[in-house]
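J.: Below is a structure I'd like to ask you about.
The values are calculated or read from the model by the stated rules, or taken from the named source; none is laboratory data. Quick caveat, the model's predicted, so the values are computed rather than measured. Counting neighbours? That spans all protein chains shown, and the Cβs are built from the backbone with ideal geometry, glycine included. Please note that ligands, DNA and RNA were not included when accessible areas were found on the heavy atoms of the full protein model with its side chains. Shrake-Rupley method; radii C 1.70, N 1.55, O 1.52, S 1.80 Å.
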Amino acid sequence: MNKISIVGAGLVGEAAAQVIARDELCSELMLIDVQGDLAQGKALDVWQAAVEAGSDTWVYGGSSAELLQDSELVVITAGMPRKPGQSRQAVLSTNLPILDAIMQDVNRHAPSAMVLVVSNPVDVLTYRAWGISGLGRNKVFGQAGVLDTARMKCFIAEETGFSVRDISALVLGGHGDSMVPLMRYCAVASVPLSHFLSQQQIARIVERTRQGGGEILGLKKQASACDAPGVAIGKMVDAIVNGRNRILPVVAILEGEYGRTDIAMGVPCVLAAEGVTRVVELALDEQEQVMFDRSADQVARDIDEMRAL
């Protein structure tokens, strides 16, 4: 890919830039933020680190929306992170106008670019970005499930003692408390997780995964997670740039899949050079369907609240 832009030079945007530049996923990488000097400084730092990794990716930073020009992929990380005890609506009220302004700039300077939304609440903001863009659902999507799955794999490895290289996991639904970990699809070297762990241990992993971001925020006090989200973004960008046809959990616009329409939800998708080329619809058992519907209902309520703002 020739040009990628990241809008938001906070900790997550910087972490994503490090991965993209280091892995040489584009020729030119832009780091854009309302604090132009900050974006320039971080871009220089990232660029110099990438050079030492042998990457020829050029990294620039600034505040001008014109830096988006000719971008093929725009990653949106700008916005305020959720604070302890803060409601989803409060975060949405803050981040919605930020997202709207960014999408107006994208429409003006890079109207055909794919858009990867990371800012929270990611399900609602992905839906909003898709609506503003006028693009097909293949080109506007969000990141949450890749991060949530990584967290679950980490906790499974800790509980079992096995290498993460052999662990597979899958998380669907909304990002946060209503996410739907599909434990039937979690395995160690293709052996179901239930072979190694008790239901009590599995339930503990599920709950810790749901609270994964809050746990980090509670421990760090002054900042939320950034390194793992940055790597998760890099994983999705790599799948697109290299046309890998990877099945990854993606916040996608549903068109009847899982019985839902006109909503953005975390579901397994095929991610390739064209973006989201397919939503993979899994057969859910009764309990999983109840959890998925509960999560979808929460996202639908959040979307209704967004429309009222």
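J.: In deg cm²/dmol, rounded to 500, what helix-only [θ] at 222 nm does the chain give when every DSSP H run of at least 4 residues adds -39500 (n - 2.57) and the total is split over its residues?
T.: -14500 deg cm²/dmol
J.: Multiply the residue separation of S27 and D293 by 0.36 nm, subtract the distance between their alpha-carbon atoms, and state the gained length in nm to one decimal.
T.: So the chain would gain 91.6 nm between S27 and D293.
J.: Take the Cβ-Cβ distance between Q201 and D37 as r, set R0 to 51 Å, and report the resulting FRET efficiency rounded to the nearest 0.05.
T.: 0.55
J.: Hey, with R₀ at 22 Å, roughly what FRET efficiency would S64 and S112 work out to, going by the Cβ-Cβ distance, to 0.05?
T.: 0.65
J.: Given a 1.4 angstrom probe, I'd like the percentage of the accessible area of the chain that is carbon and sulfur, rounded to a whole number.
T.: 49 percent
J.: Additional query: I'd like the FRET efficiency for S194 and E215, computed as 1/(1 + (r/R0)^6) with the beta carbon distance as r and R0 of 25 Å, rounded to 0.05.
T.: It comes to 0.55.
J.: Quick one: check the C-alpha center-to-center distance for region 255-300 versus region 1-47, whole angstrom.
T.: About 31 Å separates the Cα centre of region 255-300 from the one of region 1-47.
J.: Compute the separation of the alpha-carbon centres of region 65-139 and region 174-196 and state it in Å as a whole number.
T.: Cα centroid to Cα centroid, the span is 29 Å.
J.: Give the total of Lys-Lys pairs in the chain with Cα-Cα distances below 26 Å; include a pair only if its members are 8 or more places apart or on different chains.
T.: Qualifying lysine pairs in the chain: 15.
J.: Quick check for you: with a 1.4 Å probe and neighbouring chains kept, what is the accessible area per residue of the chain, in Å²?
T.: Spelled out: the 1.4 Å probe surface of the chain, per residue, equals 44 Å².
J.: How large is the charge dipole for the chain, taken about the Cα centre, if only the Cβ atoms of Lys, Arg (+1) and Asp, Glu (-1) carry charge, to the nearest 20 debye?
T.: 440 debye
J.: While we're on this one: Which percentage, to the nearest 5, of the DSSP beta bridges contained in the chain is antiparallel?
T.: Counting only bridges with both partners in the chain, antiparallel ones make up about 50 percent.
J.: Give the angle, between 0 and 90 degrees and rounded to the nearest 10, that separates the Cα long axis of helix 122-133 from the longest principal axis of the Cα atoms of the chain.
T.: Taking Cα atoms only, the helix is inclined about 50 degrees.
J.: While we're here: By the scheme Lys and Arg +1, Asp and Glu -1, what is the net charge of all other residues having a beta-carbon under 13 Å from that of A110?
T.: -2
J.: While we're on this one: Between beta-carbons, use under 10 Å as the cut-off and find the net charge around G8, counting Lys and Arg +1, Asp and Glu -1.
T.: -2
J.: Take L309 and D227, extend 7 Å from each Cα along the Cα→Cβ direction, and tell me the distance between the two endpoints in nm.
T.: Once both label points are built, they end up 3.1 nm from each other.
J.: How big is Rg to Rh over the chain, alpha-carbon atoms, Rh as the Kirkwood inverse-mean-distance radius?
T.: The Rg/Rh ratio comes out at 0.95.
J.: How far is it, in nm, from the label point at Q89 to the one at D238 when both lie 7 Å from their Cα along the line to the Cβ?
T.: 4.1 nm
J.: For region 183-309, just say rounded, prolate or oblate: build the C-alpha gyration tensor, square-root its eigenvalues into a ≥ b ≥ c, call rounded for a/c under 1.5, and beyond that prolate if a/b exceeds b/c, oblate if not.
T.: Note, shape of region 183-309 comes out rounded.
J.: Along the charge dipole of region 11-160, which of G41, T57, S112 sits closest to the positive end, that is, farthest toward it, with unit charges on the beta carbon of Lys, Arg, Asp and Glu (+1, +1, -1, -1)?
T.: Of the candidates, S112 comes out farthest on the positive side.
J.: I'd like to compare 261-268, 146-153: which one has the highest average count of other Cβ atoms within 10 Å, and what's the full order after that?
T.: 146-153, 261-268
J.: Taking the Cα centre of region 136-259 as the origin and placing charges on Cβ (Lys, Arg +1; Asp, Glu -1), which of L254, Q200, I240 is farthest toward the positive end of the dipole?
T.: I240
J.: Could you size up the charge dipole of region 72-228 around its Cα centre, putting +1 on the beta carbon of Lys and Arg and -1 on that of Asp and Glu, and report it in debye to the nearest 20?
T.: With Lys and Arg at +1 and Asp and Glu at -1, about 160 debye.
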